[in-house]
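These notes are about the structure you will find just below.
The values are calculated or read from the model by the stated rules, or taken from the named source; none is laboratory data. The shown structure was predicted, so the numbers you read here are calculated from the model rather than taken from an experiment. Cβ coordinates were reconstructed from backbone atoms using ideal geometry, including for glycine residues, and neighbour counts include every protein chain displayed.
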Amino acid sequence: MSLNDKVKVLWKTNCQWRDRPHWPKRKEIKLPQGEIEETSTMPLKTGDRVKIKFGSRWYDAEVAEDWQAKSKKGL
């Protein structure tokens, strides 16, 4: 497991949560359908459109800060 497993995203829903920040774990985020095959260690760039799993549903969001997996030193 990486040390930095939380990613800062902005909600892109049509409700009061629109453009509010949220820090879900990387495993709760996926790229939209039709994108290349992804893994949970694939880097994310600012502005990437993603889907967030919240409860049992997937919602639209946008990455607010660049994210790249970092592993523990020496492992």
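Could you grab the pairs with beta carbons closer than 7 Å, sequence gap of 6+ or different chains, first residue in region 53-73 and free of Cβ contacts under 8 Å to residues at least 40 places away in the same chain and closer than 15 Å to residue 31 by Cα, second one part of a strand (DSSP E or B) and among the basic types (Lys, Arg)?
So the pair list comes out as 58/51.
Within region 65-73, identify whether any single residue is acidic (Asp, Glu) and modelled with pLDDT of 90 or more, and answer yes or no.
The initial filter retains those residues of region 65-73 that are acidic (Asp, Glu), namely 65-66.
Among the residues that remain, those that are also modelled with pLDDT of 90 or more are: 65-66.
Within region 65-73 (the criterion being acidic (Asp, Glu) and modelled with pLDDT of 90 or more), the answer is yes, since at least one residue qualifies.
When region 14-36 is examined, which residues are found to be assigned to a loop (DSSP other than H, G, I, E, B), modelled with pLDDT under 90 and either in contact with a Cys (Cβ under 7 Å, 6 or more places away or on another chain) or surrounded by 12 or more Cβ atoms within 10 Å (Cβ to Cβ) (or both)?
17, 31, 35
Looking only at residues that are in a loop (DSSP other than H, G, I, E, B) and under 21 Å from residue 70 (Cβ atoms) in region 37-46, which one is modelled with the lowest pLDDT?
38
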